[in-house]
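Some notes on the structure that comes next.
Since every read-out is calculated from the coordinates, none of them should be taken as a lab result. Not measured: the values here are computed from a predicted model. Virtual Cβ from ideal backbone geometry, glycine too; neighbours counted across all protein chains shown.
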Amino acid sequence: MSATWYECKVKYRKTDDTGAQRMATEPYLVDAISYTEAEARINEEMSAYISDEFKITNIKVANYAEIHPFENSDRWFKSKVSLIAYDEESGKERKSNMYLLIQANDVREAFDNTNEAMKNTMGDYTIPAIAESPIMDVFPYFSGEEGDLQKVERFNTLKNSIPEPEEEPETEVKETSDYSVVEEVSKEIETNDEIDQEPMIINDDEESEFVPVAFDEEE
């Protein structure tokens, strides 16, 4: 889904897990054609979730080239993707960067989902950095055009799907030649493999100018 995304920070009184109330400022994404429309859209969207008063403290253009929701995921990650091109005249390799907002449950899954989102890319690319994003929710825009409603519904269905609970380990009965014993054998295999390179921290607070393809050329 390609759009101009605006990051809107919303300040409101939030009830935490202990029942205590505190002031919180959280970022949300909406797609719009202007700051004015972005402000109107975020007010409309947040009115459905927040019964008390809230305040829009900041609106800025987000530098995401694409937003990709995934099923059974409840967190958002900012993936930096470097597209690789070769200059035939100089014989040198050139890279241009873009940022994707990927839904996942952890960094490893975000890495896999980024590759899934890039699977139709013709050229080579690398993923040098992935960091969890503070974005709380994403609100795509329905233009009313034919076929657009289906895309928005699909986007929201994936985004709002709930992660499946982990299954309890099953038990298995093993017998020996002398006597029978019941032994619990966990069929879950836990792996503690980590991605070779730790994710770089991406500073979302830096001002960024939106470019439709969000490319930042590197020498």
If the chain between residue 37 and residue 49 were fully extended at 0.36 nm per residue, the gain over the current Cα-Cα distance would be 2.4 nm
Lys and Arg at +1, Asp and Glu at -1: neighbours of residue 43 with Cβ under 12 Å from its Cβ sum to -3
Expected vector for region 101-110, Karplus 3J(HN,Hα) from phi with 6.51, -1.76, 1.60 and θ = phi - 60°, integer Hz, x for Gly and Pro, equals 9, 10, 8, 6, 9, 7, 5, 4, 5, 5
